[in-house]
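Working notes, beginning with the structure itself.
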Amino acid sequence: MTIARRQFVQGLAATGALAAASQPVFSQTAPITLKWANNIPVTHPSNVRIREAVENIKKDTNGRVDIQVFPNNQLGGDTDMLSQVRSGAIDIFPLSGLILQTLVPLAGINGLAFAFKDYQTVWAAMDGDLGAYVRAAINKVNLHVFDRCLDNGYRNITSSTKPINTAADLKGFKIRVPVSPLWTSMFKALEASPASINFSEVYSALQTKVVEGQENPLAVIDLAKLYEVQKYCSMTGHMWDGQWVLANGKRWASLPADVQAVITKHVTDAVMKQRDDIRRLNNGLEAQLKAKGLVFNYPENKSFRDALSKAGFYKEWRGKFGDEAMAKLEKYSGKLV
Ligand code: X2X
């Protein structure tokens, strides 16, 4: 900024007109193009809200920032997209903390089975000290992470072969799980037969019966049309899952502070709206999914929790996450044994 211009801007600030003056600053500088990619269909609120954010970011930077969105695994499955956001081939990428666990072990902690009894507890923990602790670990691997994470939801088990009523029904059950140590460990502890498969391959894995079932929130089961290749939906609600919005650390740090501020504002707005959308969908979708032919059942937690405890699942992960991290989680979950 030249001295004359700086004085001009200071003058405007003094008269309260800085907002108007900040607009030309954006338009005078080189355009910035960013790639945003994710694993979810275009109709999912994560994509609907991000498209809105992209428009608002463009508007508020006078067209300087253009974010291109690649939904539905167009740029690869989650494992692949994680490598790409690290290398800088993708700039922004929302990912489940449990899948990020392959890189940041602590990021899976919110997925410990039956940790959060309700959404109030989820957001208190994730927007509070537990989330801050996880984000600090994410920053260490040179990824920028936005403060607020997207909601994916409480996960329920679907199947083409039988409803899951108790833990005993999972014995030998061939179930797809995302590529994540905690997910695999949990279903092994329940004596199921978990297969790690990226979401990009889930529909076809279910269709060709490579696996009998999978687990996901109702919004995903509906919008990815998994009901077409599944018959039963067992409302286990066995874990809450959300997605951290990650950005390539170097790329993020290279953006001017005013651009970072505009992106952060609109991404945060989009996340908060997405959370509302998901809550509404996950509450209202059951009737629609029944109409599409899914048969629902409502298992009690107890047999699953008991089986996990007996198999040493909680003990194993307490050892891996460490006492400090577990203390932060257990402030919200109560003792997990
Ligand atoms: O891969 C999944 O199952 C999904 C869509 O729920 C995630 O993003 C973790």
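For segment 237-269, the set of residues classified as outside any helix (DSSP H, G or I), under 19 Å from Gly88 (Cα atoms) and among the aliphatic types (A, V, I, L, M) consists of Val245, Leu246, Ala247, Leu255, listed by residue number.
Of all residues in segment 186-211, those that are modelled with pLDDT of 95 or more have Cβ atoms under 7 Å from Cβ atoms of residues that are acidic (Asp, Glu), 6 or more apart or on another chain, in Asn198/Asp78; Phe199/Asp78.
Name every residue in segment 122-157 that is in a loop (DSSP other than H, G, I, E, B) and within 16 Å of the ligand (Cβ to nearest atom), in order of residue number.
Cys149, Arg155
Where strands (runs of 3 or more DSSP E) sit wholly within segment 31-108, those with at least 3 residues that are within 16 Å of the ligand (Cβ to nearest atom) occupy 92-96.
Could you tell me which residue of segment 158-176 is farthest from Met239 (Cα to Cα), considering only residues that are of a type in the set (S, T, N, Q) and assigned to a strand (DSSP E or B)? Step through it out loud before you land on a result.
Keep residues of segment 158-176 that are of a type in the set (S, T, N, Q), which gives 158-161, 165-166.
Narrowing further to those that are assigned to a strand (DSSP E or B): 158-159.
Values: Thr158: 14, Ser159: 17 Å.
Top of the filtered list is Ser159.
Please work out if Ser160 is surrounded by fewer than 22 Cβ atoms within 10 Å (Cβ to Cβ), within 15 Å of the ligand (Cβ to nearest atom) and polar (S, T, N, Q).
Numbers: surrounded by fewer than 22 Cβ atoms within 10 Å (Cβ to Cβ): yes; within 15 Å of the ligand (Cβ to nearest atom): no; polar (S, T, N, Q): yes.
No: the conditions fail for Ser160.
When we screen Gln243, Gln230 for residues that are polar (S, T, N, Q), more than 14 Å from the chain's Cα centre (by Cα) and within 21 Å of Tyr154 (Cβ to Cβ), the only hit is Gln230.
Across segment 267-293, the number of residues qualifying as loosely packed, with under 13 Cβ neighbours inside 10 Å and of a type in the set (Ser, Thr, Tyr) comes to 0.
Quick one: how many residues across segment 177-221 are assigned to a helix (DSSP H, G or I), closer than 22 Å to Arg305 by Cα and more than 10 Å from the ligand (Cβ to nearest atom)? Give the steps one after another, and end with the answer.
First pass over segment 177-221, keeping only residues assigned to a helix (DSSP H, G or I): 181-189, 199-207, 218-221.
Checking which are closer than 22 Å to Arg305 by Cα leaves us with 181-189, 218.
If we keep only those that are more than 10 Å from the ligand (Cβ to nearest atom) too, we end up with 181-182, 184-189, 218.
Residues that pass the stated criteria total 9.
Residues that are surrounded by fewer than 20 Cβ atoms within 10 Å (Cβ to Cβ) and touching a Leu at 6+ places or on another chain (Cβ under 7 Å) within segment 200-221 comprise just one, Tyr203. I'd like the residue in segment 222-260 that is crowded, with 16+ Cβ neighbours inside 10 Å and among the acidic types (Asp, Glu) and, out of all such residues, is nearest to the ligand (Cβ to nearest atom). Looking at residues that are crowded, with 16+ Cβ neighbours inside 10 Å and among the acidic types (Asp, Glu), I get Asp241.
The values are calculated or read from the model by the stated rules, or taken from the named source; none is laboratory data. Model, not experiment: these values are computed from the prediction. Positions of Cβ are generated from backbone atoms using ideal geometry, with glycine treated the same way; all protein chains shown enter the neighbour counts.
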